[in-house]
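Report on the following structure.
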Amino acid sequence: MIKARALTKRYGKKTAVADLSFTVRPGLVTGFLGPNGAGKSTTMRMILGLDVPTSGQVTVNGKPYAAHRAPLREVGAMLEARSTHTGRSAVNHLRALAVTAGIARSRVEEVIGIVGLRQVARKRAGGFSLGMGQRLGIAGALLGDPATIILDEPVNGLDPEGILWIRNLLKALAAEGRTVLVSSHLMSEMALTAEHLIVIGRGRLIADTSVEEFTRSASRNSVSVRTDEPWRLRPLLAGRGVNVASDEHGTLQVAGLSSERIGRIAADNRIALSELTPHQASLEEAFMELTREAVEYPTPHPPQANAEGCVA
């Protein structure tokens, strides 16, 4: 378990993390999300004792990271996949890590098998692709068989098969009762992998909730309705607090009525419906909506062309 309480980190006049409190619980894959510059990397470095908090405290399994007698057996982390000696083979890189923590050589062979590097285990890490480097970094994180795993952007450089592999691996580790914290910018992958989310922006907590609740909070209270008789249905739905609009495809967008109520009104009036879909925001939509004010460097809108096709 990871516990952060009033965690703050300042670099001169810049505050990277401000009064941040959260708990990462075992048995779940927790996604750690935020725009660029949100303070995610700084927070993870403070969890691992690489940066000292200006104030506040963070503990892993009840202690600060540095207080553990054998940290690699408590916490496995990958913050930078390329932090390897490029002249060493994958197996020698892992053996060097194992020696520092009194880990048996047999465990090195075991994790090489887990991450799928057995065929290249004796090749120099400097010649590895980005995806292979990611697998080696994950092997290092798993080396001590830790109860807590922290990974920063673990799917970068992986092909579809590799992405599926890391997804299943993270879920399996959580199912064993481990604490799993994963930072990623790939919202579609987080939607499939994470069960809980910690979202920060400008160093402050935005959300600490389940994926389901996070997306629900950003979903519009509207229902898409398609019928061959929209002119009949539309006036039947109208009323106080109800807004009915049509999109470019002729589908009615109804706000202020539940899908159950719309279906009942249509049935009572013998109007056939071909679609009745409550709007549910995707994780990407929810993330963009709830972090809009926390983006440090917003992307400018592309220039718009006028009626003559000239860019304004």
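The values are calculated or read from the model by the stated rules, or taken from the named source; none is laboratory data. Nothing here was measured: the structure is a model prediction, and the numbers come from that model. Counting neighbours? That spans all protein chains shown, and the Cβs are built from the backbone with ideal geometry, glycine included.
Tabulated values for the structure
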| quantity | calculated |
| --- | --- |
| Which numbered condition A194 fails, given (1) more than 23 Å from L170 (Cα to Cα); (2) in contact with a strand residue (DSSP E or B) (Cβ under 8 Å, 6 or more places away or on another chain) | (1) |
| Yes/no for T209 being touching a strand residue (DSSP E or B) at 6+ places or on another chain (Cβ under 7 Å) and hydroxyl-bearing (S, T, Y) | yes |
| Test: residue in the range 208-219 that is more than 26 Å from K9 (Cβ to Cβ), among the basic types (K, R) and free of Cβ contacts under 8 Å to residues at least 60 places away in the same chain | no |
| Residue within the range 182-194 that is under 20 Å from L276 (Cα atoms), under 28 Å from the mean Cα position of the chain (by Cα) and not acidic (D, E) present | no |
| Some residue of the range 273-296 being surrounded by fewer than 16 Cβ atoms within 10 Å (Cβ to Cβ), outside the structural domain of T30 (by TED's automatic domain parsing), assigned to a helix (DSSP H, G or I) and at pLDDT 90 or above | no |
| Residue match in the range 129-137 (condition: under 24 Å from G62 (Cβ atoms), out of contact with any Phe, Trp or Tyr (no Cβ under 7 Å at 6 or more places or on another chain) and either polar (S, T, N, Q) or surrounded by 21 or more Cβ atoms within 10 Å (Cβ to Cβ) (or both)) | no |
| Filter result for A267 (without any contact (Cβ under 8 Å) to a residue 40 or more places away in the chain, over 30 Å from A174 (Cβ atoms) and not hydroxyl-bearing (S, T, Y)) | yes |
| Unique match (being at pLDDT below 90, surrounded by fewer than 17 Cβ atoms within 10 Å (Cβ to Cβ) and in the same structural domain as N92 (by TED's automatic domain parsing)) among N168, N156 | N156 |
| Odd one out for A281, checked against (1) over 30 Å from M190 (Cβ atoms); (2) touching a helix residue (DSSP H, G or I) at 6+ places or on another chain (Cβ under 9 Å) | (1) |
| K3, sole failed condition from (1) outside any strand (DSSP E or B); (2) surrounded by fewer than 22 Cβ atoms within 10 Å (Cβ to Cβ); (3) out of contact with any helix residue (DSSP H, G or I) (no Cβ under 6 Å at 6 or more places or on another chain) | (1) |
| Residue satisfying all of: in the range 92-128; of a type in the set (D, E, K, R) and surrounded by 14 or more Cβ atoms within 10 Å (Cβ to Cβ); nearest to E74 (Cα to Cα) among these | R107 |
